[in-house]
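Student: Pasting in a structure now, in C-alpha cells, and then I'll have a few things to ask.
The values are calculated or read from the model by the stated rules, or taken from the named source; none is laboratory data. Because the structure is predicted, anything quoted here is derived from the model rather than measured. Cβ placement follows ideal geometry from the backbone for every residue including glycine, while neighbour counts extend to all protein chains displayed.
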Amino acid sequence: MRQADVLSASLNLARIPEEIFEMNQEAVQQSYRGVRCLSCRQPIPLPKILAERDSRDRGQSAEHADEHCARVFSLRCRACEREKPYRTSDIMDFDGQPRVRASRSMFVAEAGSLRARAANG
C-alpha cells in the first residue's frame, strides 16, 4: 500500500461524523441480572457464581424448571446493607451498570461512632 493511499484512507476516516461514533456507543447498552431489594427496592446484582448458575439453569429443559424455582439464596443490598433471602424466580434483568458497593470500613466506622455516642449518653 502506498503512503498516499494510507493518507487518503485516514482523511476519509476523519470525515466521518462524530454522531456515528456516539450512536455506536449508545447501541452497546449494558445490562445485568439481579434481584430487587425487598427493603429499599434497589437492584442487587447477582454474584458471579449465582449468575453462572442462573444462565446454566435457564438453558435447561422444562423438566428442571421446578427445581430451578425452588432455589433460595441470600444477598446483601448495596444501597441499604440489609440481607434478605431471594428465590431464583425473583431474578430479572436490569439496564445499566450495577451500583458500586461502599467500602465495608465506612459502615464499620459509622457503627462504631454510633455505639460511642450511645455509650456516652
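Student: Can you go through GLU26, GLU110, GLU18, GLU83 and tell me which one is at pLDDT 75 or above and among the acidic types (Asp, Glu)? Talk me through it step by step, then tell me what you get.
Tutor: Working: GLU26 fails: at pLDDT 75 or above; GLU110 fails: at pLDDT 75 or above; GLU18 fails: at pLDDT 75 or above.
After ruling out the rest, the residue left standing is GLU83.
Student: Is it the case that some residue within region 67-79 is in contact with a Cys (Cβ under 7 Å, 6 or more places away or on another chain) and modelled with pLDDT of 75 or more?
Tutor: To start, the set of residues in region 67-79 that are in contact with a Cys (Cβ under 7 Å, 6 or more places away or on another chain) comprises 77, 79.
With modelled with pLDDT of 75 or more added as a condition, the list becomes 77, 79.
Checked region 67-79: at least one residue is in contact with a Cys (Cβ under 7 Å, 6 or more places away or on another chain) and modelled with pLDDT of 75 or more.
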